[in-house]
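Down below is the structure, laid out as structure tokens.
Values quoted throughout were computed directly from the atomic coordinates according to the rules given, and no laboratory measurement underlies them. Given the structure is predicted, the values throughout are model-derived calculations rather than measurements. We place every Cβ from the backbone using ideal geometry, glycine too, and count neighbours over all the protein chains shown.
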Amino acid sequence: MSIKISDLPAASIANDADIVPLVQGGTTKKAAISLVRPAFGTGPTNVCVGNDPRLSDSRTPTGAASGDLTGTYPSPELTTTGVTASTYGSVTQVGQFSVDAKGRITSAASVAIDASAIGAIKFTDLGTGVSAFLETPTSANLAAALTDEVGTGSVVFASGVTGTGSAVLASGVVGTGSAVLASGVTGSGDAVLATTPTVQNPTINGYLEGVTSVTVASNYTISIATSTVIIAQLTSGTTCTFAMPALQAGKSFALYLKQPSTGTAVNSVTFTNVVWSGGLPPSTNNTLGRLDIFSFVSDGNKWYGNVSKNYVY
């Protein structure tokens, strides 16, 4: 009777000498396991096993490349995208690029910068005349750029410059230098001029001289560098000598000499290198609480003095 293979008992191991059925050319034959088992090993006709060194040996690829590559292995190249190799953008342009899903640049161009699109201010947006002045900063262009200018002339910032007219100045304006002013311009404000400015035939209304107040105990050197009115308060019972400033033609100043209000009046006050009216130095008032006013002018060779005395202060 026939027995199905599935009804046979299971084998625990297969040895090379064991027999298995084999259908060959329509006829069932027997074959040893060694005949149908693959030959494992490292030879060219053997099946690789896990530690076969052929699995770790490097192999140089060959054949034609495809996809995003062109040419042949082992040295294929990236396919070109049609973008010209160049530098894009400049001081007036910006580079503009398109990138595909694979991260490749597919187009590139230099695009002119639109100042209005980025909020930049153009010279022409600054007002009538302003762009012309910024490009060519002349006095005429500056006058044209000012919307409330009522005078004429040129602005000059240089030492030794002279001119005519008056300046309209904002209050509290300070600075240095000289200005050429157009005639007929009027106004108010403060101006700080150069160290030794030359002003020809000015009309000055309501001006103030600089004032320095000092307390004099004995000797005092008069300085008119920052003021031309000196108020000198004498102390009780002292003898005082005043040294004059350096000589310079045209210089003048006033000295208010105040006796102490209490204590002992000062009996002796002298001035160095002064020529007095009449040839003799005046005697000072020696009464407490009184004021003598001295005035001095110089011709560059000497100081000339005069006094008006005995004011109550």
Project the alpha carbons of segment 12-119 onto their principal axes and report the range along each, largest first, in whole Å.
-> 93, 30, 28
Lysines within cross-link reach of K30: Cα-Cα under 28 Å, excluding same-chain residues under 8 positions apart?
-> K4
Please check which bits of segment 13-29 a label hung off V47 would reach, taking the label as a point 7 Å along Cα-to-C-beta and the cut-off as backbone N under 19 Å.
-> 13-23
Cα→Cβ-extended label distance, 7 Å offset, between A109 and D57, nm | 5.6
Would you mind ranking R37, R290, R59, R54 so that the residue whose beta carbon has the fewest other beta carbons within 10 Å leads the list?
-> R59, R54, R37, R290
May I ask you to compute the full-extension gain from S75 to D18, defined as 0.36 nm times their residue separation minus their alpha-carbon distance, rounded to one decimal in nm?
-> 15.3 nm
What are the ³J(HN,Hα) values, in whole Hz, obtained from phi via the Karplus relation 6.51 cos²θ - 1.76 cosθ + 1.60 with θ = phi - 60°, for each residue of segment 236-251 in sequence order, with x given for Gly and Pro?
-> 4, x, 9, 9, 10, 10, 9, 8, 7, x, 5, 6, 7, 4, x, 6
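By how many nm would the segment from L35 to A246 lengthen if fully extended, with 0.36 nm per residue of separation less the alpha-carbon distance? Can you show the working numbers first?
On the way: separation 211, 0.36 × 211 = 75.96 nm, distance 13.35 nm.
The span from L35 to A246 would gain 62.6 nm if fully extended.
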Could you work out how far apart the two model spin labels at Y304 and T239 are, taking each label as a point 7 Å from the Cα in the direction of the beta carbon, and quote it in nm?
-> 3.1
Of the peptides 199-209, 215-225, 294-304, how do they stack up when ordered by the mean number of other Cβ atoms within 10 Å, highest first?
-> 294-304, 215-225, 199-209
Plugging the Cβ-Cβ distance of D100 and N201 into 1/(1 + (r/R0)^6) at R0 = 51 Å yields, to the nearest 0.05, a FRET efficiency of 0.05
Per residue Cα convex hull volume in Å³ - calculated over segment 69-108 | 81
How large is ³J(HN,Hα), in whole Hz, for each residue of segment 4-18 in order, when computed from phi with the Karplus curve 6.51 cos²θ - 1.76 cosθ + 1.60 and θ = phi - 60°, using x for Gly and Pro?
-> 5, 4, 5, 8, 6, x, 6, 7, 8, 7, 10, 9, 4, 7, 5
From the phi of every residue in segment 259-273, what ³J(HN,Hα) in whole Hz does the Karplus formula 6.51 cos²θ - 1.76 cosθ + 1.60 yield, where θ is phi - 60° and glycine or proline is x?
-> 5, x, 7, 9, x, 10, 5, 8, 8, 10, 10, 10, 10, 8, 6
Contour minus Cα-Cα span, S295 to T212, at 0.36 nm per residue, comes to 28.4 nm
Starting from the Cα of N273, move 7 Å in the Cα-to-Cβ direction to define the label point; list residues of segment 209-244 whose amide nitrogen is under 12 Å from there.
-> 222, 243-244
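Once you sort the root eigenvalues of the Cα gyration tensor of segment 211-312 as a ≥ b ≥ c, which label holds: rounded (a/c under 1.5), prolate (a/b larger than b/c) or oblate (the other case)? The partial results should precede the final answer.
Working: a/c = 1.92, a/b = 1.55, b/c = 1.24.
Since a/c reaches 1.5 and a/b is larger than b/c, the shape of segment 211-312 is classed as prolate.
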Just grab the label-to-label distance for Y311 and A85, each label 7 Å out from Cα along the Cβ direction, in nm (one decimal).
-> 9.4
Leaving out same-chain residues fewer than 8 places away, which aspartates and glutamates sit with a Cα under 20 Å from that of K102?
-> D68, E77
Computed over segment 1-110: relative contact order in percent, which uses C-alpha pairs under 8 Å that are six or more apart = 11
